[in-house]
Amino acid sequence: MLATASPSSKELYFRLLTYVRPYWRILVAGLIATSFAAATEPLFPALLKPLLDNGFATNSSQSPLLVAGMIVGIFVLRGVLGFLASYAMSWVQNRVITDIRQQLFSRLMRLPASYFDRNPSSTLISKVTYDVTNIASASTTVGTVLIRDSLTLVGLLAWLFFLNWQLTTITLLVAPVISLFTQAFGKRLRAMSRASQKGMAVMTETLQEAIACHKVIKVFSGEAQEENRFLHVNNALRGFGMRQSIAAAATTPAVHLIASFAVAIVVYIALIQSQDGQTTVGSFVSFITAMLMLLAPLKHIASVNAPLQSGLAAAESIFRTLDEAPEEDSGTIVLERASGHIQLENLHFRYPQAERNALDGISLNIEPGQTVALVGTSGGGKTTLANLIPRFYNPTTGRILIDGHDTQQVSLASLRAQIAIVSQEVVLFNDTVAANIAYGTAKEASREAIEAAASAAHALDFIRAQPDGFDTFIGENGSRLSGGQRQRIAIARAILKNAPILILDEATSSLDNESERQVQEALEALIQGRTTLVIAHRLSTVERADRIVVLQHGKVVETGTHHELLAHDGVYAQLYKLQFAEHPGSAT
């Protein structure tokens with residue numbers, strides 16, 4: 001794959017602004033409030049000039065109460081406008097966070113399986129939880145600060161030019177120097193922001209593994225090892241954060257130092273002008289006050305570089321995922337309900353970066369209602385073959401046909417509507433028993449239909465024994481249930497879907513004998529009238545299959561019934577004898 005050039009900061013920022021566009025009315029209202037708040041900044045130094053020039057004279061016509069009221073009024077007005085601006089910007093920012101997170105999650109749900117093979121879940125979780133927050137800050141807060149403080153600078157500079165254009169020109173000479181410093185620190189901030197994002201993904205991964213594997217950690221006394229591992233990751237993240245903080249913290253003092261030279265020169269010249277009678281006391285104090293007030297917006301503009309660079313680095317990461325191509329779904333054929341006739345024609349498949357094909361010229365014809373078992377040693381291609389049928393992956397060459405239709409020409413939704421899967425690694429959600437059975441397209445199923453599916457899966461008794469029956473929450477991935485109970489929930493889910501094609505991937509391999517017997521009874525009810533593809537290492541579970549296909553190194557080496565293959569005394573017979581020798585009670 002050819003490397004693509006990274007987008008510029010300008011391109012990233014303008015793309016970020018597209019997420020703000022739907023809320024432009026609120027944004028404009030906030031910017032108007034910000035603009036008015038910024039416009040009040042020069043009022044205070046402007047008030048000082050006549051106050052100092054005339055206000056202390058004995059014959060002054062200005063009321064002291066009026067002057068005091070004007071000062072309070074200026075700050076009240078600034079406070080109200082500032083609050084309105086902050087509220088509007090926070091509202092827009094939170095909407096942007098919500099929209100980007102939702103769009104990112106929706107894209108993740110539609111990415112191909114190969115994407116999840118390449119990217120660990122911790123990285124993806126970090127994008128949704130951590131990176132998006134940084135993006136929102138860059139898209140709204142940064143813009144607000146730039147607009148508000150830029151307007152403040154313009155207003156103050158306009159007043160300064162009115163008072164003394166020569167001194168103001170000297171003040172402006174520091175602007176190019178400040179810009180160079182800001183750009184230099186900005187590059188450092190962007191690099192450290194990228195590193196922090198990667199570090200956060202590694203920390204999430206470490207935390208996920210430690211929580212998921214807590215039993216293994218305890219039984220093998222790995223607590224200290226995991227603590228040291230987390231300490232290393234934690235310190236690395238701290239290092240990135242500190243280097244980012246140093247660059248951010250150094251920006252403001254550098255700007256202030258540069259500005260201080262300008263202030264010192266201006267004060268020196270202004271004092272000389274005052275001594276020569278070229279300026280009044282009021283003009284001098286007003287000029288110095290306005291000039292010192294420039295430091296605050298300069299500080300804000302300088303400090304905004306840190307969240308801006310962090311946001312742009314996060315935007316690179318987020319947009320890279322949003323630009324990933326979703327699952328290819330160019331099929332136009334919509335299957336209503338398939339009869340379950342599956343044909344594999346010279347099927348080849350190779351994983352990216354693999355040295356050889358995982359499947360090498362597989363051809364099979366599976367009649368509707370047949371149960372076909374795929375057996376063989378690990379790495380033979382059984383699970384790969386099962387993953388190609390619902391198009392989790394696409395064949396490198398060859399075709400898969402269902403009822404005579406090439407699956408590449410069938411829409412993904414209608415293809416997967418024909419298939420139910422029960423695997424060794426049962427996937428359940430932290431929800432109720434009923435919600436896990438009636439999942440996806442069956443979510444509107446009646447309670448009677450759910451109970452009927454549970455009964456057919458031999459799960460009704462243990463479900464009713466739960467504290468809240470079908471309304472019992474089962475914990476993360478069914479952690480409050482036994483292995484056999486989780487499998488029967490998964491089988492009930494497949495029964496309720498009532499798909500014509502069923503894939504059983506090692507559905508009983510991790511169970512004890514009693515649980516296996518119960519699950520096997522449930523599976524026998526499930527496969528009735530369905531085209532079933534069974535993947536099994538435990539050969540005793542496939543003896544009654546209509547046909548057994550033996551795979552080795554991605555090729556079909558034998559096919560036939562259990563008794564035919566035993567009589568042939570080939571690969572299957574050798575595997576069967578080996579299992580019988582290791583587990584005499586597992587074969588008949």
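The values are calculated or read from the model by the stated rules, or taken from the named source; none is laboratory data. Quick caveat: nothing in here was measured; it's all calculated off a predicted structure. Cβ coordinates were reconstructed from backbone atoms using ideal geometry, including for glycine residues, and neighbour counts include every protein chain displayed. For the accessible areas, the whole protein counts, side chains as well, though only heavy atoms, and no ligand, DNA or RNA atoms are used. Shrake-Rupley method; radii C 1.70, N 1.55, O 1.52, S 1.80 Å.
Take region 531-555 and flag every residue that is open to solvent by less than 10 Å² (accessible area, probe 1.4 Å), in contact with a Ser or Thr (Cβ under 7 Å, 6 or more places away or on another chain) and of a type in the set (S, T, N, Q).
Of everything in region 531-555, just one residue is open to solvent by less than 10 Å² (accessible area, probe 1.4 Å), in contact with a Ser or Thr (Cβ under 7 Å, 6 or more places away or on another chain) and of a type in the set (S, T, N, Q), namely THR532.
I need every pair where a residue in region 347-365 that is within 17 Å of ASN387 (Cβ to Cβ) has its Cβ under 8 Å from the Cβ of a residue that is aromatic (Phe, Trp, Tyr), sequence separation at least 6 or different chains.
Between residues of region 347-365 that are within 17 Å of ASN387 (Cβ to Cβ) and residues that are aromatic (Phe, Trp, Tyr), the close pairs are PHE349/TYR393; ASN357/PHE349; ALA358/PHE349; ALA358/TYR351; LEU359/PHE349.
Failed condition for GLU355, given (1) assigned to a strand (DSSP E or B); (2) more than 17 Å from ARG530 (Cβ to Cβ); (3) open to solvent by 60 Å² or more (accessible area, probe 1.4 Å), with all others met?
The number of the failed condition is (1).
Listed here are the residues, each with its yes/no results for (1) in a loop (DSSP other than H, G, I, E, B); (2) touching an Asp or Glu at 6+ places or on another chain (Cβ under 9 Å).
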position: ARG320; (1), (2): no, no
position: SER330; (1), (2): yes, no
position: GLU336; (1), (2): yes, no
position: GLY369; (1), (2): yes, yes
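Answer yes or no as to whether THR383 is part of a helix (DSSP H, G or I), at pLDDT below 90, within 35 Å of the chain's Cα centre (by Cα) and over 29 Å from LYS577 (Cα atoms).
Working: part of a helix (DSSP H, G or I): yes; at pLDDT below 90: yes; within 35 Å of the chain's Cα centre (by Cα): yes; over 29 Å from LYS577 (Cα atoms): no.
When the stated conditions are applied, THR383 does not pass them.
Residue check: is VAL334 touching a helix residue (DSSP H, G or I) at 6+ places or on another chain (Cβ under 6 Å), at pLDDT 90 or above and over 24 Å from TYR115 (Cβ atoms)?
Working: touching a helix residue (DSSP H, G or I) at 6+ places or on another chain (Cβ under 6 Å): yes; at pLDDT 90 or above: yes; over 24 Å from TYR115 (Cβ atoms): yes.
Yes.
Among (1) outside any loop (DSSP other than H, G, I, E, B); (2) open to solvent by less than 10 Å² (accessible area, probe 1.4 Å), which single condition is ALA499 missing?
Result: ALA499 passes all but (1).
List, please: which pairs have Cβ atoms under 9 Å, are six or more places apart or on different chains, and start with a residue in region 100-125 that is in contact (Cβ under 8 Å) with a residue 12 or more places away in the chain and among the basic types (Lys, Arg) and end with one that is open to solvent by 40 Å² or more (accessible area, probe 1.4 Å) and assigned to a helix (DSSP H, G or I)?
Pairs that qualify, where the first residue is in contact (Cβ under 8 Å) with a residue 12 or more places away in the chain and among the basic types (Lys, Arg) and the partner is open to solvent by 40 Å² or more (accessible area, probe 1.4 Å) and assigned to a helix (DSSP H, G or I), are ARG101/THR129.
Mind counting the residues in region 415-426 that are crowded, with 17+ Cβ neighbours inside 10 Å and either assigned to a loop (DSSP other than H, G, I, E, B) or over 27 Å from the mean Cα position of the chain (by Cα) (or both)?
Matching residues across region 415-426 total 8.
Checking the structure you have, find out if any residue of region 410-418 is within 25 Å of GLY369 (Cα to Cα) and touching a Gly at 6+ places or on another chain (Cβ under 6 Å). I'd like the intermediate steps shown before the answer.
First, the residues of region 410-418 that are within 25 Å of GLY369 (Cα to Cα): 410-418.
Subsequent filtering for residues that are touching a Gly at 6+ places or on another chain (Cβ under 6 Å) retains 410-411.
Checked against the condition, which is being within 25 Å of GLY369 (Cα to Cα) and touching a Gly at 6+ places or on another chain (Cβ under 6 Å), region 410-418 yields at least one hit.
So, restricting to helices (runs of 4 or more DSSP H) that lie completely within region 60-138, which ones have at least 2 residues that are modelled with pLDDT under 85 and not basic (Lys, Arg)? I'd like the intermediate steps shown before the answer.
Values: elements: 64-109, 113-118, 121-126, 132-136.
Answer list for region 60-138: 64-109, 121-126, 132-136.
Kindly indicate which of ALA457, ALA358 is modelled with pLDDT of 90 or more and of a type in the set (A, V, I, L, M).
Details: ALA457 fails: modelled with pLDDT of 90 or more.
Being modelled with pLDDT of 90 or more and of a type in the set (A, V, I, L, M) holds for just one of ALA457, ALA358, which is ALA358.
Output the number of the condition that THR384 fails; it satisfies all remaining conditions of (1) open to solvent by 20 Å² or more (accessible area, probe 1.4 Å); (2) among the polar types (S, T, N, Q); (3) closer than 17 Å to ALA113 by Cα.
Failed condition: (1).
Can you tell me which residues in region 65-81 are under 14 Å from LEU43 (Cα atoms) and aliphatic (A, V, I, L, M)?
VAL67, ALA68, MET70, ILE71, VAL72, ILE74, VAL76, LEU77
Hey, among the residues in region 432-452 that are under 16 Å from ARG488 (Cα atoms) and assigned to a loop (DSSP other than H, G, I, E, B), which one's most open to solvent (accessible area, probe 1.4 Å)? First the steps, then the outcome.
Our first condition is that a residue be under 16 Å from ARG488 (Cα atoms); within region 432-452, this holds for 432-439, 449-452.
When the remaining residues are screened for being assigned to a loop (DSSP other than H, G, I, E, B), the result is 438-439.
Working: ALA438: 11, TYR439: 122 Å².
Within region 432-452, the match that is most open to solvent (accessible area, probe 1.4 Å) is TYR439.
Results for (1) modelled with pLDDT of 90 or more; (2) in contact with a Ser or Thr (Cβ under 6 Å, 6 or more places away or on another chain); (3) over 19 Å from SER363 (Cβ atoms), shown as yes or no for each residue.
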residue: ILE389; (1), (2), (3): yes, no, no
residue: ILE400; (1), (2), (3): yes, yes, no
residue: ASP403; (1), (2), (3): yes, yes, no
residue: ASP406; (1), (2), (3): yes, no, no
residue: SER423; (1), (2), (3): no, no, yes
residue: ALA434; (1), (2), (3): yes, no, yes
residue: TYR439; (1), (2), (3): no, no, yes
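Considering only residues that are under 23 Å from LEU308 (Cα atoms), buried (at least 18 other Cβ atoms within 10 Å of the Cβ) and at pLDDT below 75, which ones fall in region 153-177? Can you show your working first?
Narrowing region 153-177 to residues under 23 Å from LEU308 (Cα atoms): 153-154, 174-177.
From what is left, the residues that are buried (at least 18 other Cβ atoms within 10 Å of the Cβ) are 153, 174.
Of everything in region 153-177, just one residue is under 23 Å from LEU308 (Cα atoms), buried (at least 18 other Cβ atoms within 10 Å of the Cβ) and at pLDDT below 75, namely VAL174.
Would you mention how many residues in region 453-467 are touching a residue at least 12 places away in the same chain (Cβ under 8 Å) and open to solvent by 10 Å² or more (accessible area, probe 1.4 Å)?
From region 453-467, those touching a residue at least 12 places away in the same chain (Cβ under 8 Å) are 453-454, 456-459, 462-463, 466; that's our starting set.
Right, trim to open to solvent by 10 Å² or more (accessible area, probe 1.4 Å) and you get 456, 458, 462, 466.
Selection size over region 453-467: 4.
Do we find that LYS10 is of a type in the set (D, E, K, R) and modelled with pLDDT of 70 or more in this structure? Reasoning before the result, please.
Details: of a type in the set (D, E, K, R): yes; modelled with pLDDT of 70 or more: yes.
Judged against the criteria, LYS10 is a match.
Is at least one residue of region 293-310 modelled with pLDDT of 70 or more, touching a Phe, Trp or Tyr at 6+ places or on another chain (Cβ under 7 Å) and assigned to a helix (DSSP H, G or I)?
yes
Residue by residue, here is whether (1) modelled with pLDDT under 85; (2) more than 22 Å from GLY369 (Cβ to Cβ); (3) not charged (D, E, K, R) holds:
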position: ILE495; (1), (2), (3): no, no, yes
position: ALA499; (1), (2), (3): no, no, yes
position: LEU502; (1), (2), (3): no, no, yes
position: ARG517; (1), (2), (3): yes, yes, no
position: GLN520; (1), (2), (3): yes, no, yes
position: LEU523; (1), (2), (3): yes, no, yes
position: ARG530; (1), (2), (3): no, no, no
position: THR541; (1), (2), (3): yes, no, yes
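Within region 481-488, is there a residue that is open to solvent by less than 30 Å² (accessible area, probe 1.4 Å), modelled with pLDDT under 85 and closer than 27 Å to LEU335 by Cβ?
Taking every residue of region 481-488 in turn, none turns out to be open to solvent by less than 30 Å² (accessible area, probe 1.4 Å), modelled with pLDDT under 85 and closer than 27 Å to LEU335 by Cβ.
Is at least one residue of region 393-401 in a loop (DSSP other than H, G, I, E, B), open to solvent by 60 Å² or more (accessible area, probe 1.4 Å), on the phi < 0 side of the Ramachandran plot and among the aromatic types (Phe, Trp, Tyr)?
no
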